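The values are calculated or read from the model by the stated rules, or taken from the named source; none is laboratory data. Please read these numbers as outputs of a predicted model, since none were measured by experiment. We place every Cβ from the backbone using ideal geometry, glycine too, and count neighbours over all the protein chains shown.
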Amino acid sequence: MEQLLSVLIGILVASAVYLMLARNLLRFLFGLILLSNAANLTIFVGGRLTPGAPPLVPDGMDAPIGDVANALPQALVLTAIVIGFGLFAFALILAFRAYQSLGTLNTDEMRVAEPKEN
Amino acid sequence: MTPAGLIPVIIAGSLFIWFAQMIPVIGGGDTLRYVWEWVPSLGVNVSIYIDGLSLTFALLITGIGALVMLYSARYLAGHVHQARFSLYLTSFMLAMIGLVISDNLLALFVFWELTTITSYLLIGFSHDTVKARRSALQALMMTGVGGLALLAGIILIGTTAGTFEMSEINAMDGVLKDSVMYLPIVLLVLAGAFTKSAQMPFHFWLPNAMAAPTPVSAYLHSATMVKAGVYLMARTHPSLAGTDFWLWTLTVFGAITMVFASVMALRQTDLKLALAYTTLMALGALTLLLGNESGYTITAAATFLVVHSLYKAALFLVVGILDAQTGTRDANSLFGLARALPITATAAAIAAFSMAGFPPFLGFIGKELKYAGAIAVASEPIFVAGAVLISSALMVTIAGIVSFRPFWSKSGTPIPNVKEAPWPMLVGPVVLAILGAFFGIFPETLATTLVNPTVAAIIGNAEDAKELQLWAGVNLPLFLSIATFVLGFTLYFYKQKLREILIGMTTRGPSFDNGWDKLMAGIASGSKALTRMIQTGVLYHYMVVTFGTALVVLAVTLWFRSTGIPAMGVPQVELWDWLVFVLVLLGAILTLVTNSRITAIAGLGVVGIGMAMIFILYSAPDVAITQLLVETLVVVLFAAAALKLPHLTPEPLRKRWLDALIAIGLGVVTTVILLKVTTGPIDRELTTFFETASWPEAFGQNIVNVILVDFRALDTFGEIAVVLIAAISIFALLKAKPEEEEQ
Amino acid sequence: MNSVILIAGARLQAVLLLVFSAYMLLRGHNAPGGGFIGGLIAATGFVVYAIACGTADARKALRFDPGSIAGAGLGIALFAGLMAALWGDALFTGQWLFIGETEDDKGIPLSTVLIFDIGVYLVVLGAILSIAFSLEEAV
């Protein structure tokens, strides 16, 4: 499954990059979400996959029995998801406000800070 | 007198006494060295090395420093920023002392830069005037660039010699001279020395530095800081001098600077500027003399160093008094003030005699030695002696303009109601002028205490030092001296006419100062063009560069560092896996190709749910729950906002082949890297720790949660802080009204 | 939206999700759950409530300003971390108190770790609601 997921992550990355290279800010945001999903999945796969054995210590034991899933990447991914949400929400609102102020979502025309030189 | 004015005087005075008590030891031919390790890994030591050269400089710095500080305590009394001034001046003095007593070249460099910075602050002391700010910046840039070159030179010296301790390097005979790095080292060190000591063509910052208050000009820009370059040349002399390259570079640059500066001095009507150019002349003379290795020239350099500092500081302070008491320092409006300013006039006269080189003053001995030294330059005595003759004659003229005319000339009416300066301002010029006279009459007192040890420090042998004497018999230097006076007096009487000719010539000729402005403007527009090139303001360009760079770096690394694509067996893939794979794939493709906002958001939702399923399948219940909840919120928020945004316009693939190329490239590279990572070994040490410690130490059965809230709680705290900051930023973004609405 | 069913359902759902979120928060140390998940569940409940009944109602139902909730949560989390100082431990070292501890049973555990998780819960809840409410109001 690691191999299959590696291919899937590659596809997600390619889609994300293609979307982020678009001129439309909304497409950029779609790409951002895909990229953050791909990143989370990368961390998860990097810790290897273990089916059917969550990292829990059974009652009355001091440590999990047998091989359980790698807890460390899970903790990393969990916070990454929440932070990714914060980042996404901020980017979304930024785009929203930019559209309200500038009347466009085309990034080529968003040049308030660095205006085109004549 | 305020404490702000007085404290620096006390500091400088105490340091002077401390250094003065070393005279018997150093004068006896010994040297002192103390070493403390500072950054041992880089070979940087705080090492103090005191020989004749350091001690001479240290005494000049602290002695003249004390007098100048006493002077400025009165000169700047009542100024709003007097305390600031005192702080700058004292910091400068300490940096300068550090520079001349450091044995470690890297420490020397640090102090070198500190003098640059304090000089910048002092030139720009009147920061409310444009001229002062420009001059300060100019001085900072010039000496700063030189400082960088010096640093490079020092590093080359250190790597060539294997140590940064200058006393050790000087003791290794020829370690630098015989090295292939000799030429770069000399070029870099001289670049530092020439900018600091204002040699042509790096000279123009020094006259501009006269924007500083007069005590600063007297102290930094004539007696001490500008001589740091001279110090550096003298300090490295044992290791670097003695080659034709050294000889010719110093001789030519020194001679040109000397002649150019003395001619330019004649052109000035501002007395302070005239003095500034004579300082340039003196620096040129010192550079010229240090090109040689003969006992004559080095003795001349050591003597002239002291002589010049004494009379030049005195004359600057005199001009400061004139300025303060009359309100002008224009040579054409100051006449016959000797009656009103008797003490100043006397001090000025004594100092000027020394500057002009009359017997029995110290300047006479200095000049005689310069001639003797010039003649001793075996290869080109006529060229060197001629340069010395012209500039010395002009010194006579300038001395007349600065010290004779304002006090004794009857060619104009004196400014009325001028009062003699208060005593703190008189002490400096008087003491310095008298010292010049005293050493002239009893030259052996200076020779045995300072000059001979300095000569010994530079050429390693005190016996080579030539005797300082007022009457050396009827010889060539004496005739040259007489010629100097004749020429000098002649020029003095034709000064007005000469000045007009010079002004005519210089206004038509190219100006270094304008060139500087053009250079700065060129740098500014060049950097603007560069900024425009790399910072286009178009998001697309940034993204292409970012992803393109990532692709190239990753691909190149993979190509050169990897052992090829790992061998893959038939993967163990269940039906469920395939289902999830297809689900996520569909979601991604849907988002990629659609032109409908709702479809794209739905596609993203599918991807997110597929992710959650992967987490569930592979034993990450906490992550799966989080992913599902966040995905829900993303879709809700996105739907709320995106529907207020315009429809997507198609961006056809045929116009975006480059984007597609980058995207596919990055996707492939990511997959290959992950395949390599997942087939390689994994270090589970950390996970094992968490697994075994979770229950016994943290009383939690859910290892993921224990990591989050206990083992790595500080990280989690940082993460929730980020979430909160995002929320606050969004709140601010939404609540703040756009500018158009406010107006 | 004026669907009566949606409004009634959203109210009920919000209450249920709030209770469920508290349950997930408290059991988080030993089973899947915890502050992040609990906070997200509670936030989802209120976001649905806001869609159904409007943000004004949702704010009223929440009683406190979401920004203040998040700020308080961060303060609580920091407080939990600082408490370690009372025992002379490093910052964010967990401290435990077991009420009614016996040989076999650890009793009711109280800990700074739980306080910290409550802080996380409040930050996540408050931050998400602040974002969602202000977005709803701006659109």
*When you go through (1) over 27 Å from residue C:130 (Cα atoms); (2) buried (at least 22 other Cβ atoms within 10 Å of the Cβ); (3) facing chain A (nearest Cβ under 8 Å); (4) not β-branched (Val, Ile, Thr) one by one for residue B:701, which number turns out not to apply?*
(2)
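Quick one: is residue B:291 more than 24 Å from residue B:211 (Cα to Cα) and at pLDDT 80 or above? Before the answer, list the steps.
Details: more than 24 Å from residue B:211 (Cα to Cα): yes; at pLDDT 80 or above: yes.
Judged against the criteria, residue B:291 is a match.
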*Working only within region B:645-655, note down all residues that are at the interface with chain A (Cβ under 7 Å from one of its Cβ atoms) and charged (D, E, K, R).*
B:651
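So that you can scan it fast, the table gives a plain yes or no per residue for (1) facing another protein chain (nearest Cβ under 9 Å); (2) at pLDDT 90 or above; (3) assigned to a helix (DSSP H, G or I); (4) within 30 Å of residue A:100 (Cβ to Cβ):
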| residue | (1), (2), (3), (4) |
| --- | --- |
| C:91 | yes, no, no, no |
| C:94 | yes, no, no, no |
| C:103 | no, no, no, no |
| C:109 | yes, no, no, no |
| C:120 | yes, yes, yes, no |
| C:124 | yes, yes, yes, yes |
| C:129 | yes, yes, yes, yes |
| C:136 | yes, no, yes, yes |
*Among the residues of region B:1-50, count how many are at pLDDT 85 or above and in contact with a Lys or Arg (Cβ under 9 Å, 6 or more places away or on another chain).*
4
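Yes or no, residue by residue, for (1) modelled with pLDDT of 75 or more; (2) farther than 20 Å from residue B:486 by Cβ:
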site	(1), (2)
B:352	yes, no
B:359	no, no
B:373	no, yes
B:377	no, yes
B:389	yes, no
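Of the residues B:677, B:669, B:709, which single one is modelled with pLDDT under 90 and under 30 Å from residue B:545 (Cα atoms)?
Working: B:669 fails: modelled with pLDDT under 90; B:709 fails: under 30 Å from residue B:545 (Cα atoms).
After ruling out the rest, the residue left standing is B:677.
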_Please go through (1) more than 7 Å from chain A (Cβ to nearest Cβ); (2) surrounded by fewer than 19 Cβ atoms within 10 Å (Cβ to Cβ); (3) closer than 30 Å to residue B:591 by Cα for residue B:715 and return the number of the only condition it doesn't satisfy._
(3)
*Evaluation of residue A:16 against (1) at the interface with another protein chain (Cβ under 7 Å from one of its Cβ atoms); (2) under 17 Å from the mean Cα position of the chain (by Cα); (3) surrounded by 21 or more Cβ atoms within 10 Å (Cβ to Cβ) (one fails), failing number*: (1)
*Could you please give the count of residues in region B:317-336 that are part of a loop (DSSP other than H, G, I, E, B) and more than 16 Å from residue B:422 (Cα to Cα)?*
8
*Take region A:62-102 and flag every residue that is at the interface with another protein chain (Cβ under 7 Å from one of its Cβ atoms), without any contact (Cβ under 8 Å) to a residue 12 or more places away in the chain and not in a helix (DSSP H, G or I).*
A:62, A:63, A:64
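Please go through region A:10-27 and give me each residue that is free of Cβ contacts under 8 Å to residues at least 12 places away in the same chain and more than 17 Å from residue B:582 (Cα to Cα), ordered by number.
Initial filter on region A:10-27 (free of Cβ contacts under 8 Å to residues at least 12 places away in the same chain): A:10-11, A:14, A:21-22, A:27.
Those that are free of Cβ contacts under 8 Å to residues at least 12 places away in the same chain and more than 17 Å from residue B:582 (Cα to Cα): A:21, A:22, A:27.
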*Could you grab me the full set of residues in region B:34-54 that are surrounded by 14 or more Cβ atoms within 10 Å (Cβ to Cβ) and charged (D, E, K, R)?*
B:51
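Would you mind finding the one in A:111, A:23 that is within 7 Å of chain B (Cβ to nearest Cβ), touching a Gly at 6+ places or on another chain (Cβ under 7 Å) and of a type in the set (Lys, Arg)? Reasoning before the result, please.
On the way: A:23 fails: touching a Gly at 6+ places or on another chain (Cβ under 7 Å).
None of the other options fit; the residue is A:111.
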*If you take the residues in region B:291-304 that are small (Gly, Ala, Ser) and either in contact with a strand residue (DSSP E or B) (Cβ under 7 Å, 6 or more places away or on another chain) or in a helix (DSSP H, G or I) (or both), which one is nearest to residue B:200 (Cα to Cα)?*
B:301
*State whether one or more residues within region C:75-83 are facing chain B (nearest Cβ under 10 Å), modelled with pLDDT of 90 or more and more than 24 Å from residue C:30 (Cα to Cα).*
no
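Each row is one residue, and each column tells you yes or no for (1) under 15 Å from residue B:200 (Cβ atoms); (2) among the basic types (Lys, Arg); (3) not in a helix (DSSP H, G or I).
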{"residue": "B:253", "(1), (2), (3)": "yes, no, no"}
{"residue": "B:258", "(1), (2), (3)": "yes, no, no"}
{"residue": "B:261", "(1), (2), (3)": "yes, no, no"}
{"residue": "B:264", "(1), (2), (3)": "yes, no, no"}
{"residue": "B:272", "(1), (2), (3)": "no, yes, no"}
{"residue": "B:279", "(1), (2), (3)": "yes, no, no"}
{"residue": "B:282", "(1), (2), (3)": "yes, no, no"}
{"residue": "B:289", "(1), (2), (3)": "no, no, no"}
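Give me the residue from region B:326-378 that is under 35 Å from the mean Cα position of the chain (by Cα) and of a type in the set (Ser, Thr, Tyr) and, out of that set, farthest from residue B:258 (Cα to Cα). Don't jump to the end; show me each part of the working.
Let us first name the residues in region B:326-378 that are under 35 Å from the mean Cα position of the chain (by Cα), namely B:327-331, B:348, B:351-352, B:354-356, B:362-363, B:366-367, B:369-370, B:373-374, B:377.
Restricting the remaining residues to those that are of a type in the set (Ser, Thr, Tyr) gives B:328, B:354.
Details: B:328: 28, B:354: 18 Å.
Only one residue fits best here, namely B:328.
Taking into account only those residues within region B:55-77 that are among the small types (Gly, Ala, Ser) and under 11 Å from residue B:12 (Cα atoms), which is surrounded by the fewest Cβ atoms within 10 Å (Cβ to Cβ)?
If we filter region B:55-77 for residues that are among the small types (Gly, Ala, Ser), which is where we start, we get B:58, B:63, B:65-66, B:72-73, B:77.
Subsequent filtering for residues that are under 11 Å from residue B:12 (Cα atoms) retains B:58, B:63, B:65-66.
Details: B:58: 22, B:63: 24, B:65: 29, B:66: 24.
The selected residue is B:58.
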*asked:* Here are the criteria: (1) part of a helix (DSSP H, G or I); (2) of a type outside the set (S, T, N, Q); (3) touching a residue at least 40 places away in the same chain (Cβ under 8 Å). Tell me which single one residue B:111 does not satisfy.
replied: (3)
*When you go through (1) on the phi < 0 side of the Ramachandran plot; (2) out of contact with any Lys or Arg (no Cβ under 7 Å at 6 or more places or on another chain); (3) within 13 Å of chain B (Cβ to nearest Cβ) one by one for residue C:98, which number turns out not to apply?*
(2)
*Would you confirm whether any residue within region B:545-555 is at pLDDT below 90 and part of a helix (DSSP H, G or I)?*
no
*For region B:621-715, which fully contained helices (runs of 4 or more DSSP H) count at least 3 residues that are over 52 Å from the mean Cα position of the chain (by Cα)?*
B:621-642, B:685-698, B:703-706
*Would you check if there is a residue in region B:540-550 being among the small types (Gly, Ala, Ser) and either surrounded by 12 or more Cβ atoms within 10 Å (Cβ to Cβ) or more than 58 Å from the chain's Cα centre (by Cα) (or both)?*
yes
*So residue A:30 clears everything in (1) within 27 Å of residue B:665 (Cα to Cα); (2) within 7 Å of another protein chain (Cβ to nearest Cβ); (3) surrounded by 20 or more Cβ atoms within 10 Å (Cβ to Cβ); (4) touching a residue at least 24 places away in the same chain (Cβ under 8 Å) except one condition, right? Which one?*
(4)
